[in-house]
Amino acid sequence: MPQVCVTQRIFPEAIELLESENLSHSYHESDQALDPQDLKEAVKGCEGLICLITDKVDGGLMEHAHNLKVIANVAVGYDNIDVNAASERGIIVTNTPDVLTETTADLTFALLLAAARRIPEADTYMRSGQFKEFKLYQPQIGVDVFGKTLGIVGMGRIGTAVARRGALGFGMKVLYTANSPKPEAEKELGATQVTFEKLLKESDFISINTPSTLETHHIFTLKEFKQMKRTAFLINAARGPIVKEDDLAEALESGLIQGAGIDVFEREPLIDPKLAQLKKHVVVAPHIGSASVETRRNMSLMAAQNVISALKGQCPPNALNSEVWKNVS
Ligand code: NAP
């Protein structure tokens, strides 16, 4: 019986790491997620599980995995895992924080700039031979980013890294929301904690950087878009269900807001058909927030390291429910 189940293709260095620790494994070396029934079969008897965000790891699955001690998500977000169900069964859950922070902040800012300056539209125009001569009123005339107001919804690791790019690189005024104040970011970046309503009202660009939870589900709907500036942009490189996607499409189409940069979708991998039609000041990407070679390799290694620690009898470095460890050890 393999000790570790790896549900999808990860970086080979992480598999080598498991092997160097003499951990036997069943490796589903594919870029396609297993269907739920096959996932149940794959996990049966394993002590460690390395999974991706497209693997739904709920209590039903855990019931089939009596030996399971650790679930290591290759992601910082863990909305695909029922952590309470794991805790009830004494299973430790881990994620991959920090290693992807700067990469995801880069992508967030890339979406912001691309939407503001209409880069995909310009690219299509150029490649299709439509550029005949320079004009003052070019078809892709955009809006300034420098010196504008950036609203960060969720001033955590990634939110702060986005704010740093805005404040220090682009002279932006930073407003933010979070569960608790962030005095360091206030000092370093001149950021101000405000109510969600004030952030909606005053921001030129809003970046969503909260986790996807029951509390953050659909915090952006038509009601919130109506409170934003008509010139504002929404950037979402967090999770799709935080935004009601058909409302976003409607808000963009009707001019309630000006633009959007979206990396994550409510019904991923699907995109709202109306949103897919919108091009002006709208940029979409297929969930590539952390997608650089270095970062995805580090995420893979971190997940493997978390499993190795747990199976060696140590509390994994990135345990989300470390209280479970205290109870079982
Ligand atoms: P983090 O450090 O835990 O930051 C999350 C922040 O959200 C915290 O500051 C938290 O406030 C705040 N927050 C939680 N609920 C809130 C609410 N209702 N209203 C306002 N703020 C709220 O997490 P992170 O590492 O920055 O990652 C954030 C999320 O990004 C992940 O959960 C993941 O889903 C997503 N992500 C996406 C990609 C991608 O590929 N697109 C890549 C990486 C991560 P407190 O600090 O006060 O608790």
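So which cysteines in the chain don't have a second cysteine's C-beta under 4.7 Å from them?
Lacking a cysteine Cβ partner under 4.7 Å: CYS51, CYS315.
If you project the alpha carbons of the range 1-124 onto the principal axes, what extent comes out on each, in Å, largest first?
Result for the range 1-124: principal-axis Cα extents of 54, 32, 27 Å.
To one decimal place, what orientation-averaged projected area in nm² is obtained for the convex hull of the Cα set of the range 183-329? All intermediate terms of the calculation are to be shown ahead of the outcome.
Details: hull surface 46.8 nm².
Value for the range 183-329: 11.7 nm².
In whole Hz, what ³J(HN,Hα) sequence does the range 43-60 give by Karplus (6.51, -1.76, 1.60; θ = phi - 60°), x for Gly and Pro?
Values, residue by residue: 7, 3, x, 7, 9, x, 10, 10, 9, 10, 5, 8, 9, 8, 10, 10, x, x Hz.
What's the carbon and sulfur percent of the chain's accessible surface, probe 1.4 angstrom, rounded to a whole number? Don't skip to the answer; put the middle values down first.
On the way: 8390 of 15910 Å².
Ligands and nucleic acids excluded, carbon and sulfur reach 53 percent.
Rounded to the nearest 10 degrees, what's the angle between the helix 101-117 long axis and the longest principal axis of the chain, both from Cα atoms, 0 to 90?
Tilt of helix 101-117: around 30 degrees.
Based on the mean of other beta carbon atoms within 10 Å per residue, what is the order of 122-133, 285-296, 142-153, most packed first?
Numbers: 122-133: 10.2, 285-296: 16.5, 142-153: 19.8.
Packing order, densest peptide first, comes out as 142-153, 285-296, 122-133.
Would you be so kind as to identify which of THR108, PHE134, HIS64 lies farthest towards the positive end of the dipole of the range 63-155, taking Lys and Arg as +1 and Asp and Glu as -1 on Cβ and the Cα centre as origin?
Result: PHE134, furthest along the dipole toward the positive end.
With charges only on Cβ, +1 for K and R and -1 for D and E, what is the dipole size of the chain about its Cα centre, in debye, rounded to 20? Display every interim value, and only then the final one.
Values: 34 positive and 42 negative charges, 247 e Å.
Magnitude of the dipole: close to 1180 debye.
For the chain, what does the accessible surface come to per residue with a 1.4 Å probe? Please give it in Å². Each step should come with its number before you reach the end.
Details: 15910 Å² over 329 residues.
Spelled out: the 1.4 Å probe surface of the chain, per residue, equals 48 Å².
Under 5 Å between amide hydrogens, which residues at least 5 positions from VAL283 or on another chain qualify, with H placed 1.01 Å from N in the peptide plane?
ALA260, GLY261, ILE262
Per the Debye formula with a single identical scatterer at each Cα and no solvent contribution, what log10 I(q)/I(0) holds for the chain at q = 0.06, 0.15 Å⁻¹?
-0.24, -1.18
For the range 69-132, what are Rg and Dmax over the alpha carbons, in angstrom?
Over the range 69-132's Cα set, Rg and Dmax evaluate to 20.3, 66 Å.
Report Rg (one decimal) and Dmax (nearest whole number) for the range 66-202, counting Cα atoms only, units Å.
Taking only Cα atoms of the range 66-202, I get Rg and Dmax of 20.4, 68 Å.
With 29 Å as the limit, write out which pairs from LYS69/LYS182; LYS135/LYS201; LYS135/LYS280 have Cα-Cα distances beyond it, or answer none.
Numbers: LYS69/LYS182 35 Å; LYS135/LYS201 34 Å; LYS135/LYS280 19 Å.
Check vs 29 Å cut-off fails for LYS69/LYS182; LYS135/LYS201.
The values are calculated or read from the model by the stated rules, or taken from the named source; none is laboratory data. If you're wondering where the values come from, they're calculated on a predicted model, not measured in any experiment. No Cβ is skipped: glycine too gets one built from the backbone with ideal geometry, and neighbour counts run over all protein chains shown. Side chains included, ligands, DNA and RNA excluded: accessible areas come from the protein's heavy atoms. Shrake-Rupley method; radii C 1.70, N 1.55, O 1.52, S 1.80 Å.
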